[in-house]
1. Let me test this: with uniform point scatterers at the alpha carbons of region 221-263, what is the Debye-based log₁₀ I(q)/I(0) at q = 0.34 1/Å?
2. Which value results for Rg/Rh of region 161-209 when Rg is the Cα radius of gyration and Rh the Kirkwood radius based on the inverse mean 1/r?
3. Looking at region 130-270, send over the antiparallel percent of its DSSP beta bridges, to the nearest 5.
4. What angle, in degrees between 0 and 90 and rounded to the nearest 10, separates the Cα long axis of helix 180-199 from the longest principal axis of the Cα atoms of the chain?
5. Under a plain spin-label model, where a point goes 7 Å from the Cα along Cα-to-Cβ, how far apart in nm are GLU89 and GLU45?
6. For the chain, which span is the longest to avoid every loop-located (per DSSP) member of GluC sites (Glu not before Pro) having at most 11 other Cβ atoms inside 10 Å?
7. How would you rank PHE238, PHE55, PHE178, PHE42, going from fewest to most other Cβ atoms within 10 Å of each one's own Cβ?
8. Obtain the nm distance between the two label points defined at LYS211 and ALA128 by a simple spin-label model: each point lies 7 Å from its Cα along the Cα-to-C-beta direction.
Amino acid sequence: MDTGLSRLFHHRSDKRSLGTRTVGTKVLVYDVVTSTNDLALFLAENGEPPGTILFAHSQTHGRGRLGNTWSSPHGKGIYCSLILRPDIEIGLMPLVTLTAALAVVSALKAIHVGDVSIKWPNDVYAGAGKIAGILTEMHLEGGRPGFVIVGIGLNVNNQKDELPVGAASVRQVLKREFDIADLFHIIIKDLDRYYTDLLEGRTQELLHKIKEASGLVLGERVRVENAHEIIEGYAVDFEENGSLVIRLDNGCSRAVHAGHLTTCAKNGIG
């Protein structure tokens, strides 16, 4: 299927071709790469400007969080990475991931993919199926974010038998194929808008949208596992930086920045 990327990015070095201010000011399109995040890291370390997007038709070693892989069959999905150099405090970095997830949710809703939501901190679900994942990798310079790589993987035209267990795709939900270039364009325009809000300090407005898009019901009992510990309690709020606030069984509250979240059988604050 013709993804139309040559049409969409014919003037890819000109930001007006995508109608954006900060994201998508330059777009590099590849047929096959090992990982768009790995390539973006290499380019960022060698001075590639912020706003550059790397798009690949397929990845041989697509990466997810916690060492997981991202299935990237040729011409079936959106596999891209953004190079950003945000002038924000390091404590706000969780919002970068959630901002990308919000852009994906917004774009999917715009094309009538139903029951779509953010699964904190970095996934997007359509119903019970994972349809997209965000992989954010930060590199510090002098204690502040020097550059940030934001990878987005989105299942678009995968048929059911082409999807991993527990995954979903746009095609599966809509019962038809969807133009990858058009969907990518919508995502980048939404991400540019939300990322501009973040850079210009409109974090409260941004966080409100993220809460609305979240599939997590505040008050649910949750379990968060990371490399160091397991935290269990009731999800009570999101902090301004996007961290999840969990009320522990001892009555204390913890702000959790990342980890694998599951909801527990017992719900409601007791």
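A short reminder: the numbers here are calculations on the coordinates, not readings from a lab. Please read these numbers as outputs of a predicted model, since none were measured by experiment. No Cβ is skipped: glycine too gets one built from the backbone with ideal geometry, and neighbour counts run over all protein chains shown.
1. -1.32
2. 1.16
3. Bridges in region 130-270 that DSSP calls antiparallel: roughly 95 percent.
4. 50
5. The modelled label-to-label distance comes out at 3.1 nm.
6. 90-199
7. PHE42, PHE178, PHE238, PHE55
8. 2.9
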